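Report on the structure given below.
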Amino acid sequence: MAVSRRDLRALTGKAEQDLTPSPAASAAILPFKRERGRPDIAFENLTATLEEETGILWAEMHHLERACFTRPLMRDGRQFQLYLKRLYQGAGVEEMPFRYLAWVSRAKGAWSLGGDLSVFTALIRARDREALRAYAHLSVDVLYDNYRNLELPILTAAVIEGDAVGGGFEAMLTNDFVIAERGAKFGLPEILFNLFPGMGAYSFLRRRVGEVEARRLIEDGRTRSADELHELGLVDIVCEKGEGRDRLRRHVQANPRRFRTELALRRMRNRVEPVTKSELVDIVELWVDLALALDEQDLRRMDCLARHQQRRRAAA
C-alpha cells in the first residue's frame, strides 16, 4: 500500500514546503528497519510503485500541467528522494526491497520536455532573480541526488518512452542505465534562444563523451534519435515503441548476479572523475545570470516552446 503525503510528513517531521533537512532533523534520521515502511508513495505529481518480483521501484511522473519539470513536480520529486534516503539510510544491498529506481512518464510521447519555460519567461520578465535561482537550485538538488543514487546501494534507470529535451535530457544523463524507445527524440535546444542547459548537461556529458562531443551536443541545438544517442553511448538499449518497461524488466532479471558488479563499477567511475555539487551550483549561477540578460525576442522563442510543453501534458 502506498504511503500517503500525511504519513510522509509524520515520518520526516517537516512541512511539505521545507525541502532542506535542518541539523536537528538530520540528527533524528530514522535507522533502517524494514518493517518501518515500503518505498511505495503517492504524490499528486509523482507515484512510486514497488514491483517486488523484479526489484524495480517505478517512479512515474504525472505531468498534469505541462510535460516538463514544473515546480510542483520538482517539489514532489525532492520529497520522494528525502523519504527514501531517510527510510533506507545505512541499508546494505540485501536489506533493500528494490535494486533499481526507474523513472518513467505518464505523458504520451514525452518523458520530459525540460525546465518549465512558462515559469522561466514569467520570472525573467518580472526580474525575479531569487525565484529563478530557487527553481534552478531545486533542480540541481534533485538531479545531483539521482546521480549519487540517493547514497543508497541501488542503481537508477530512465525508461524513455517519449521525447527527452533540455532539462529532460539532463535528467536522463544522471541515470546509470537508459532504455529508449524508437521514435523518442533528444536535444538541448537552449542555444536557440541564446541560453545553455544549466543544470548539469556539460558536466555529465563531458565525463561521458569528452569535451568536443559535449560542446557539439550543447551548441548545435540539433534534435537526435535514440539510435544516435546509442552510438554515442548515452543510451544503453534501444527498443521498439511500447517495449521500454518490459525491456528493463528483462535486463534486470537476466543479470541478477551482475548487480553488485555494476554497482561497484558505478562507484568506481564516480570516484575517478566525480561530478561535484559545487560544480553544478557554480554553473547554475552562470545560467541564472545569462537567463536574466535575455531580450524579448529570446523570450518569445521560449514562449513558443512553452506552448509545446503545455500541449504535451498527460491526459486527465
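The values are calculated or read from the model by the stated rules, or taken from the named source; none is laboratory data. Quantities reported herein were computed from a predicted structural model and do not represent experimental measurements. Every residue, glycine as well, gets a Cβ built from its backbone with ideal geometry; the counts of neighbours run over all protein chains shown.
Are any residues in region 63-114 among the charged types (D, E, K, R), touching a Gly at 6+ places or on another chain (Cβ under 8 Å) and over 30 Å from His308 (Cβ atoms), and if so, which ones?
Once the filter is applied, which keeps residues that are among the charged types (D, E, K, R), touching a Gly at 6+ places or on another chain (Cβ under 8 Å) and over 30 Å from His308 (Cβ atoms), region 63-114 yields only Arg99.
Does Glu228 satisfy being of a type in the set (D, E, K, R), over 30 Å from Ala91 (Cα atoms) and surrounded by 19 or more Cβ atoms within 10 Å (Cβ to Cβ)?
Criteria not met by Glu228.
Is at least one residue of region 173-187 among the acidic types (Asp, Glu), out of contact with any Lys or Arg (no Cβ under 8 Å at 6 or more places or on another chain) and at pLDDT 95 or above?
No, because not a single residue in region 173-187 is among the acidic types (Asp, Glu), out of contact with any Lys or Arg (no Cβ under 8 Å at 6 or more places or on another chain) and at pLDDT 95 or above.
Residues checked against (1) among the small types (Gly, Ala, Ser); (2) on the phi < 0 side of the Ramachandran plot:
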| site | (1), (2) |
| --- | --- |
| Gly77 | yes, yes |
| Leu87 | no, yes |
| Gly90 | yes, no |
| Glu95 | no, yes |
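Matching residues to (1) surrounded by 16 or more Cβ atoms within 10 Å (Cβ to Cβ); (2) under 21 Å from the mean Cα position of the chain (by Cα):
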| site | (1), (2) |
| --- | --- |
| Gly233 | no, yes |
| Asp236 | yes, yes |
| Ala254 | no, no |
| Glu262 | no, yes |
| Arg267 | no, yes |
| Glu273 | no, yes |
| Asp282 | no, yes |
| Glu285 | no, yes |
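Select from region 289-311 the residues that are outside any helix (DSSP H, G or I) and of a type outside the set (Asp, Glu) and write down the one among them that is surrounded by the most Cβ atoms within 10 Å (Cβ to Cβ).
Ranking the qualifying residues of region 289-311, first place goes to Leu294.
Any idea how many residues of region 116-139 are crowded, with 22+ Cβ neighbours inside 10 Å and closer than 30 Å to Gly55 by Cα?
Total meeting the criteria: 1.
Within region 30-51, restricting attention to residues that are of a type in the set (D, E, K, R) and modelled with pLDDT of 95 or more, which residue is nearest to Asp246 (Cα to Cα)?
Among those residues, the one meeting the criterion is Glu51.
Looking at this structure, is Ala314 surrounded by 17 or more Cβ atoms within 10 Å (Cβ to Cβ) and within 16 Å of Leu132 (Cβ to Cβ)?
Taking the combined requirement at face value, the residue does not satisfy it.
Is region 187-210 home to any residue that is buried (at least 16 other Cβ atoms within 10 Å of the Cβ), assigned to a helix (DSSP H, G or I), of a type in the set (Lys, Arg) and touching a residue at least 60 places away in the same chain (Cβ under 8 Å)?
Yes, region 187-210 contains a residue that is buried (at least 16 other Cβ atoms within 10 Å of the Cβ), assigned to a helix (DSSP H, G or I), of a type in the set (Lys, Arg) and touching a residue at least 60 places away in the same chain (Cβ under 8 Å).
Taking only region 114-169 into account, find how many residues are part of a loop (DSSP other than H, G, I, E, B), in contact with a helix residue (DSSP H, G or I) (Cβ under 6 Å, 6 or more places away or on another chain) and either closer than 15 Å to Val288 by Cβ or aliphatic (A, V, I, L, M) (or both).
Summing the residues that are part of a loop (DSSP other than H, G, I, E, B), in contact with a helix residue (DSSP H, G or I) (Cβ under 6 Å, 6 or more places away or on another chain) and either closer than 15 Å to Val288 by Cβ or aliphatic (A, V, I, L, M) (or both) in region 114-169 gives 1.
Here's the yes/no breakdown for (1) in contact with a Leu (Cβ under 7 Å, 6 or more places away or on another chain); (2) within 24 Å of Asp145 (Cβ to Cβ); (3) of a type in the set (S, T, N, Q); (4) not in a helix (DSSP H, G or I):
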{"residue": "Val212", "(1), (2), (3), (4)": "no, no, no, no"}
{"residue": "Arg215", "(1), (2), (3), (4)": "no, no, no, no"}
{"residue": "Arg247", "(1), (2), (3), (4)": "no, no, no, no"}
{"residue": "Gln253", "(1), (2), (3), (4)": "no, no, yes, no"}
{"residue": "Arg258", "(1), (2), (3), (4)": "no, no, no, no"}
{"residue": "Thr261", "(1), (2), (3), (4)": "no, yes, yes, no"}
{"residue": "Arg267", "(1), (2), (3), (4)": "no, yes, no, no"}
{"residue": "Val275", "(1), (2), (3), (4)": "no, yes, no, yes"}
{"residue": "Leu280", "(1), (2), (3), (4)": "no, yes, no, no"}
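Taking the conditions exactly as written (crowded, with 20+ Cβ neighbours inside 10 Å and hydrophobic (A, V, I, L, M, F, W, C)), does Val165 satisfy them or not?
Spelling it out, Val165 is indeed crowded, with 20+ Cβ neighbours inside 10 Å and hydrophobic (A, V, I, L, M, F, W, C).
Checking Leu217 against (1) over 21 Å from the mean Cα position of the chain (by Cα); (2) more than 24 Å from Ala59 (Cα to Cα); (3) surrounded by 15 or more Cβ atoms within 10 Å (Cβ to Cβ); (4) not acidic (Asp, Glu), which test does it fail?
(1)
Which of the residues that make up region 49-65 are hydrophobic (A, V, I, L, M, F, W, C) and either outside any strand (DSSP E or B) or without any contact (Cβ under 8 Å) to a residue 40 or more places away in the chain (or both)?
Leu64
Suppose we filter Leu101, Leu143, Leu155 for residues that are farther than 21 Å from Tyr202 by Cα and surrounded by 22 or more Cβ atoms within 10 Å (Cβ to Cβ); which single one remains?
Leu101
Any residue that is at pLDDT 95 or above, outside any strand (DSSP E or B) and under 24 Å from Lys85 (Cα atoms) - is there at least one of those in region 99-112?
Scanning region 99-112 turns up at least one residue that is at pLDDT 95 or above, outside any strand (DSSP E or B) and under 24 Å from Lys85 (Cα atoms).
Restricting attention to region 190-214, which residues are under 20 Å from the mean Cα position of the chain (by Cα) and closer than 22 Å to Arg133 by Cβ?
Within region 190-214, Glu190, Phe196, Pro197, Gly198, Met199, Gly200, Ala201, Tyr202, Ser203, Phe204 meet the criteria.
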